[in-house]
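The structure under discussion appears below in the form of structure tokens.
The values are calculated or read from the model by the stated rules, or taken from the named source; none is laboratory data. Since we're looking at a predicted model, the values are computed, not measured. Methodologically, a virtual Cβ is constructed for each residue, glycine included, from the backbone with ideal geometry; neighbour enumeration extends over all protein chains shown. Side chains included, ligands, DNA and RNA excluded: accessible areas come from the protein's heavy atoms. Shrake-Rupley method; radii C 1.70, N 1.55, O 1.52, S 1.80 Å.
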Amino acid sequence: MVKLKTKICIFSGSFYGGGAEKVSINLANYFKKKNYLVTLLLINGKGPYKNLLNKNINLKVLKKKTKLGTFFNLINFLKSNNFDYLLSTMRATNIVSGIAKYFYPVKYKIIFREPNTLDEILSYNFFVRNFYLILMKIAYRNAKGLIANSRDTLNDLLKYNIIPYNK
């Protein structure tokens, strides 16, 4: 029996100069070097980091101007590709991909990278803060695993019941 290669989709915002974007590119290049089938999925395909991506990596851009349009494009993209893993590297893409899994609950496993503590969210007014926390709880429930960038980030996710400790 022939073993098929693992298909990985890495979901991020763009090629602009943020840490999450750089992590996405580094992961895509690393997995490609390890001979995985890699797709880098972006909301926006512009930015200075584009030249850092291995040219043999499949690049897909969800060309929508609205978040709702991006959400439906993501679902359609996942339906038309059979990934084994979806790795998301930013809070916004974590939320979108976690909620999308409710609309397309197939076999792929989601792994989130949470880049920050919840300080920014906690500084918002009552309604916005609770809206974000509820969205995160709903979305992060679909993650098979989560990588927190620091102990403080992990502690925030646990303190506000975003994830159980075993994730």
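Suppose the filter is in a loop (DSSP other than H, G, I, E, B) and either closer than 16 Å to residue 74 by Cα or in contact (Cβ under 8 Å) with a residue 60 or more places away in the chain (or both); does residue 55 pass it?
Taking the combined requirement at face value, the residue does not satisfy it.
Hey, could you check the stretch 58-70 for residues that are outside any loop (DSSP other than H, G, I, E, B) and among the hydrophobic types (A, V, I, L, M, F, W, C) and say which is least open to solvent (accessible area, probe 1.4 Å)?
This residue is 61.
State all residues of the stretch 107-127 that are surrounded by fewer than 16 Cβ atoms within 10 Å (Cβ to Cβ) and of a type outside the set (S, T, N, Q); if no residue qualifies, say none.
Matches in the stretch 107-127: 107, 109, 119, 120, 122, 124, 126, 127.
With respect to residue 35, determine if the residue is open to solvent by 80 Å² or more (accessible area, probe 1.4 Å) and either under 20 Å from residue 79 (Cβ atoms) or not aromatic (Phe, Trp, Tyr) (or both).
Spelling it out, residue 35 is indeed open to solvent by 80 Å² or more (accessible area, probe 1.4 Å) and either under 20 Å from residue 79 (Cβ atoms) or not aromatic (Phe, Trp, Tyr) (or both).
Only one of 130, 73, 149 is open to solvent by 80 Å² or more (accessible area, probe 1.4 Å) and either of a type outside the set (A, V, I, L, M, F, W, C) or under 16 Å from the mean Cα position of the chain (by Cα) (or both); which?
149
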